[in-house]
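The values are calculated or read from the model by the stated rules, or taken from the named source; none is laboratory data. Keep in mind it's a predicted model, so treat the numbers as computed, not measured. Glycine also receives a Cβ, built like all others from the backbone with ideal geometry; neighbour counts cover every protein chain displayed. Note: areas computed on protein heavy atoms with side chains; ligands, DNA, RNA excluded. Shrake-Rupley method; radii C 1.70, N 1.55, O 1.52, S 1.80 Å.
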Amino acid sequence: MTLEVANTWYDTKAFGDDVTLIWETHIDRGVRCNMWHVCGRDRDLLVDSGFGVVPLRNNVALLAGKEILCVGSHSHFDHIGAHDEFEHRLMHKAEAHIMERPTRENTLADNYVDWPIFTASPYEGFDPARYNVRAAPPTRLIDEGDVIDLGDRVFRVLHFPGHSPGGVGLFEDATGLFFSGDQIYDGHLFSDTYEGAGDEYIESMEKLKELPVSTCHGGHFASFGRDRMIELADEYIAGQRKPGCPADH
Ligand SMILES: [Zn+2]
């Protein structure tokens, strides 16, 4: 199977608070990730970098020029594909080894990357069976309580194991903005990607319910407010605790 080569790969949408969503237009909505860009005075923040099948910085104007701290919410392929384009790469220590030696297995690319998730080819000769994330070792390891400083804006790192061992969210106390990665979003949540994940995921859900969130910008699908976040967390927890119900899906 082959598809037409796409003319453009990325699109953007500005939100309030100098936040911009970047996404890959020719990847299925359920698989492509939300990349979140935040403007700071001294440097910018980028949460996640997509599949990495088309150069990101050369094709998204707001990523040109400024110093950018590129955070990986976790190391699944759909979130870290273009990390190698950035000088500053921040990742939780529990997943640093995957960034150093990504494979189709340890990034989960093997489970998802095939023609049906694409509506156009990223370039001539693209072969999804040969897709792999390029190595991009972290330049800074982050963990619970660390601070990411943009000069005039500060984000707190929160560790949320469950979807993956080193999943992180970023919370801005001044605005209540919350970048949640794949810990929570308004869609089907996956917690079966590593051993012991189910219990950790529930603990992480309980923890995020305490956050005074204004807007939650997740790793996939549409953004939402605190009430919806708590509803999603409660639905997830209730689903996990049903006797005899297999974990998630
Ligand atoms: Zn993921």
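Structure data summary
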{"item": "Criterion (of a type in the set (S, T, N, Q), away from the ligand (no atom under 16 Å from the Cβ) and under 17 Å from A82 (Cα atoms)) met by exactly one of T139, T103", "result": "T139"}
{"item": "Residue check for H97: under 18 Å from the mean Cα position of the chain (by Cα) and within 16 Å of the ligand (Cβ to nearest atom)", "result": "no"}
{"item": "Number of the exception - L177 against (1) open to solvent by less than 20 Å² (accessible area, probe 1.4 Å); (2) farther than 20 Å from M91 by Cβ; (3) within 15 Å of the ligand (Cβ to nearest atom)", "result": "(3)"}
{"item": "Hits in segment 49-74 (condition: within 16 Å of the ligand (Cβ to nearest atom) and either open to solvent by 20 Å² or more (accessible area, probe 1.4 Å) or farther than 21 Å from F118 by Cα (or both))", "result": "V71, G72, S73, H74"}
{"item": "Sole exception among (1) of a type in the set (F, W, Y); (2) at pLDDT 95 or above; (3) over 29 Å from V53 (Cα atoms) for Y201, by number", "result": "(2)"}
{"item": "Test for D17: is it more than 16 Å from the chain's Cα centre (by Cα) and open to solvent by 60 Å² or more (accessible area, probe 1.4 Å)", "result": "yes"}
{"item": "Criterion (modelled with pLDDT of 95 or more, within 21 Å of F160 (Cα to Cα) and not aromatic (F, W, Y)) met by exactly one of G50, G40", "result": "G50"}
{"item": "Check on R153, away from the ligand (no atom under 16 Å from the Cβ), open to solvent by 20 Å² or more (accessible area, probe 1.4 Å) and without any contact (Cβ under 8 Å) to a residue 40 or more places away in the chain", "result": "no"}
{"item": "Selection within segment 106-131 - open to solvent by 30 Å² or more (accessible area, probe 1.4 Å), away from the ligand (no atom under 16 Å from the Cβ) and closer than 19 Å to D84 by Cα", "result": "Y123, R130"}
